[in-house]
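Chemist: Once you've had a glance at the structure underneath, I'll fire off some questions.
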Amino acid sequence: MPNISSNDITGVILAGGQARRMQGQDKGLVLLNNKPMIEYVIDILNPQVATLLINANRNHKKYSEYGFDIVSDELSGYCGPLAGMASALNNTNTSYMITAPCDSPFIPDDLVQRLTTALASEEADISVAHNGERLQPVFCLMKKDLMSSMNEFLSNDERKIDKWFNQHKLAIADFSDIPQTFDNLNTFEDIKVIEAAND
């Protein structure tokens, strides 16, 4: 079983969406308990990886204040998470890349360990988190050498992430014991509920 070191993994926070359900506000910068949501993800993910990138299509000046490189989608028109992943993978200098969205502030401090263990034990190309009910495709670890496959898939006007996954050997990482990992806050109401629970 190959050993995957955290020193060989680039972490990517996906913050490139349109956030239609938040009146178009940039979700990563929306406050949760007076702290931008992306800061929760940075604080947990950064210690687990060698380097961190932020995939963002606006507010670059604000995001750059965190001190990480900002990567925009190379495809125009908000083509979904796979476009963000592809642009990040094109800018990754490690053998592996892991992704997490900016609106999931409850990721665990063993996210990377669980995904690397699954990938290594299955000798897979990609490992994807599973919450016990379904795949969580934006929480995934992949090999850098999948870059040409992903770029080709997108160049054929394909956008569905699970369809691309199906072209490769996939390992499933079990997160059924902590399904709250994948609670993403899509609306201001979602944020109010969390803040009220923490009062």
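Chemist: Percent relative contact order of the chain, based on C-alpha pairs within less than 8 angstrom and at least six residues apart? Working shown, then result.
Modeler: Working: 364 pairs, mean separation 48.8, N = 199.
The value is 25 percent.
Chemist: A further question follows. Ranking SER6, SER64 by Cβ neighbours within 10 Å, fewest first, what do you get? Can you show the working numbers first?
Modeler: Numbers: SER6 16, SER64 13.
Fewest-to-most Cβ neighbours within 10 Å comes out as SER64, SER6.
Chemist: What is the count of Lys pairs in the chain whose alpha carbons sit under 24 Å apart, if the two are 8 or more places apart or on different chains?
Modeler: 16
Chemist: While we're here: Percent antiparallel among DSSP beta bridges with both residues in the range 126-199, to the nearest 5?
Modeler: Values: 5 of 10 bridges.
Just about 50 percent of them are antiparallel.
Chemist: How much of the DSSP beta bridge set in the range 6-198 is antiparallel, as a percent to the nearest 5?
Modeler: On the way: 11 of 31 bridges.
If I count the DSSP bridges inside the range 6-198, around 35 percent turn out antiparallel.
Chemist: Among ALA56, SER95, ILE178, which residue has its Cα positioned farthest towards the positive end of the charge dipole of the range 6-198, with +1 placed on the Cβ of Lys and Arg, -1 on the Cβ of Asp and Glu, and the dipole taken about the Cα centre?
Modeler: Farthest towards the positive end: ALA56.
Chemist: So what is the 222 nm mean residue ellipticity for the chain from helices alone, if each DSSP H run of at least 4 adds -39500 (n - 2.57) and you divide by all residues, rounding to the nearest 500 deg cm²/dmol? Let's see the in-between values first.
Modeler: Numbers: 7 runs with 61 residues, N = 199.
Computed mean residue ellipticity for the chain: -8500 deg cm²/dmol.
Chemist: Take the alpha carbon gyration tensor of the range 75-199, find the square roots of its eigenvalues, order them as a ≥ b ≥ c, and report rounded if a/c is under 1.5; if not, report prolate when a/b exceeds b/c, else oblate.
Modeler: oblate
Chemist: Have a look at ARG134, ARG114, ARG58 and tell me which one the Gaussian network model of the chain (Cα, springs below 10 Å) gives the largest fluctuation.
Modeler: Top of the fluctuation ranking is ARG134.
Chemist: Helix check for the chain. Which DSSP H runs span at least 30 Å along their own axis by Cα, with a mean Kyte-Doolittle hydropathy no less than 0.0?
Modeler: Working: long enough: none.
Sorted by number, there is nothing, because no helix extends far enough and scores high enough.
Chemist: In addition: Under a plain spin-label model, where a point goes 7 Å from the Cα along Cα-to-Cβ, how far apart in nm are SER5 and VAL193?
Modeler: According to this spin-label approximation, the distance is 4.3 nm.
Chemist: Taking the Cβ of each residue in THR187, THR10 as the centre, tally the other Cβ atoms inside 10 Å and list the residues starting with the fewest. Working shown, then result.
Modeler: Working: THR187 14, THR10 22.
Lowest to highest Cβ neighbour count: THR187, THR10.
Chemist: Please give me the summed charge of the neighbours of VAL12: other residues whose Cβ is under 15 Å from its Cβ, Lys and Arg +1, Asp and Glu -1. Write out the running numbers ahead of the final one.
Modeler: Details: positive: LYS143, LYS144; negative: ASP8, ASP69, ASP73, GLU74, ASP103.
Here the charged neighbours net out to -3.
Chemist: Pick out, from ALA129, PHE68, LEU119, the residue whose Cα sits farthest towards the positive end of the charge dipole of the range 6-198, with +1 on the Cβ of Lys and Arg and -1 on the Cβ of Asp and Glu.
Modeler: Result: PHE68.
Chemist: Right, another one. Within the chain, what is the longest stretch that has no GluC sites (Glu not before Pro) placed in a DSSP loop and near at most 11 other beta-carbon atoms within 10 Å?
Modeler: Numbers: sites that count: GLU65, GLU123, GLU133.
With a cap of 11 other Cβ atoms within 10 Å, the longest stretch comes to 134-199.
Chemist: I need ILE4, ILE178 ordered by Cβ neighbour count within 10 Å, fewest first.
Modeler: Numbers: ILE4 20, ILE178 17.
With the fewest neighbours first, ILE4, ILE178 line up as ILE178, ILE4.
No value in this document is a laboratory result; all are computed from the given coordinates. Computed from a predicted structure; not experimentally measured. Note: ideal-geometry Cβ built from the backbone for every residue, glycine included; neighbour counts use all protein chains shown.
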